[in-house]
Amino acid sequence: MFVLRLHIHGHSPLPSQQALPWLAAGIAEDSAIAGLAALLLLALARLGRRDGWTRVAFATFVTLLLGVALVWSEVVIFFGQVPPREVLPAGMNFTFARGSASGAAVRRAALLLLPAAFLLWTCARQARKARWAWASAGRLFAASLIAGIVAILLPASIHRRETARNPLVAQFAIWGSRTESGARGGSPVPAPRSGAATVRRLAPENPSREYLSEGFPLSHRAPRRSALAPRLPSGLRPNIVFLLLEGVRAEEVGVYGGKPAGLTPNLDRLARDGVLVEKAFSPGQQTPDAELALWYGIHPNPYSSVMMSHPTIRLWGLPEILRESGWRSFLWIHNGDQHFYRRDGFYLPRGFQMVDGSDFPADDPRTNWGYTDRALA
């Protein structure tokens, strides 16, 4: 468990800034849980006056706990934090598990589980020859109690302490928490701590911008349209295509000064000939949050994932505006599994037709999470 926490700390995109207290909190939880498990099995062995099966049971417990901790460490590293309850079922999706199980992760599991199994076997051999055992019921109880008290007394303010939790404690905290609901069954919206107009600080700086309403603080009068802007013949409704690119960072795009230069020539050309947004903020840390922001311009809910928890909730955004303006067909094409993140439950009720990885030719080139971008294009 100590090695796994070092792995989390070294590979997490958001490691704790208080490494030693963070590590101590996790080790204290591990010690308390291991002591309780050993105490329970020792008591059962004495009741049955047989200890052979106790070694097997304890070894099984340790092996399973290490296996769960291995998976949990990869989840924490992938998300950068302990994922909320709504996201965990997505992580249990077969597509996610298959795509995330890299060869390196399997090798790390073997490198950890094999030495652990060897140590358990060695301890069991020594125990058969021993005249007395340190692990008496009283000592195990005292060790577990002290470790538990230390885990509780360590300050809750340790930076990112939740990522150091023992996986059993973490699961208990996640699944034991209740998802709050408002009067109409939706997620609660806490009262703002500052005025609504403070959100204007996120908008591009423009001294001449004329804002229209304090109630809708980002609404503003559009600038006069350029005489050079393209104009459509009356009655023509062109096809509108949105191309969503995930994982393309500004530091890699030439127009934003990305290195090496020339890596994105077509995006750079579009930026020169079209409209470039120079100041943008991420609307969340997961794909569904970004898609929700694209269609409906809303920020993610910190208490639940709207696309997964409330897929059919009534929203007003780009699809509805286009439909009122005469557009009739909407097609969402994706090269992966749309059951992942429950996208199908969100898009289908809103009138979208869907094409996903299940519709692609089987001989198209694949990646670990679906078909390639070239196959999609």
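Collect the residues in the stretch 221-256 that are within 29 Å of the chain's Cα centre (by Cα) and assigned to a loop (DSSP other than H, G, I, E, B), keeping them in residue-number order. Matches in the stretch 221-256: Val241, Phe242, Leu243, Leu244, Leu245, Glu246, Gly247, Val248, Arg249, Val253.
Picking from residues in the stretch 314-329 that are more than 14 Å from Tyr347 (Cα to Cα) and under 32 Å from the mean Cα position of the chain (by Cα), the one that is least open to solvent (accessible area, probe 1.4 Å) is Leu322. In the stretch 282-291 there is at least one residue that is touching a residue at least 40 places away in the same chain (Cβ under 8 Å), closer than 25 Å to Arg323 by Cβ and in contact with a Ser or Thr (Cβ under 6 Å, 6 or more places away or on another chain).
For the condition touching an Asp or Glu at 6+ places or on another chain (Cβ under 6 Å), surrounded by 14 or more Cβ atoms within 10 Å (Cβ to Cβ) and on the phi < 0 side of the Ramachandran plot, His334 qualifies.
Say whether the condition of being basic (Lys, Arg) and at pLDDT below 85 is met by at least one residue in the stretch 5-21. No: zero hits. Against the conditions (1) at pLDDT 90 or above; (2) farther than 15 Å from Leu244 by Cα, Pro300 satisfies every one except (1).
A single entry from Ala197, Ala250 fulfils the requirement of being at pLDDT 85 or above and under 25 Å from Gln286 (Cα atoms): Ala250. Annotation: of all residues in the stretch 295-317 being in a loop (DSSP other than H, G, I, E, B) and among the β-branched types (Val, Ile, Thr), the one that is farthest from Phe340 (Cα to Cα) is Ile298.
Evaluate the following for Arg342: is it surrounded by fewer than 14 Cβ atoms within 10 Å (Cβ to Cβ) and either in a loop (DSSP other than H, G, I, E, B) or modelled with pLDDT under 90 (or both)? Considered against the rule, which asks whether it is surrounded by fewer than 14 Cβ atoms within 10 Å (Cβ to Cβ) and either in a loop (DSSP other than H, G, I, E, B) or modelled with pLDDT under 90 (or both), Arg342 comes out as no. Out of curiosity, is Leu292 surrounded by 14 or more Cβ atoms within 10 Å (Cβ to Cβ), among the hydrophobic types (A, V, I, L, M, F, W, C), assigned to a helix (DSSP H, G or I) and at pLDDT 85 or above? Criteria met by Leu292.
Can you say whether Val306 is buried (at least 17 other Cβ atoms within 10 Å of the Cβ) and among the β-branched types (Val, Ile, Thr), as far as the supplied structure shows? When the stated conditions are applied, Val306 passes them.
The values are calculated or read from the model by the stated rules, or taken from the named source; none is laboratory data. Source: prediction; values computed, not measured. Glycine gets a Cβ as well: all are built from the backbone with ideal geometry, and neighbour counts include every protein chain shown. Side chains are part of the model used for accessible areas, which takes the heavy atoms of the whole protein and leaves out ligands, DNA and RNA. Shrake-Rupley method; radii C 1.70, N 1.55, O 1.52, S 1.80 Å.
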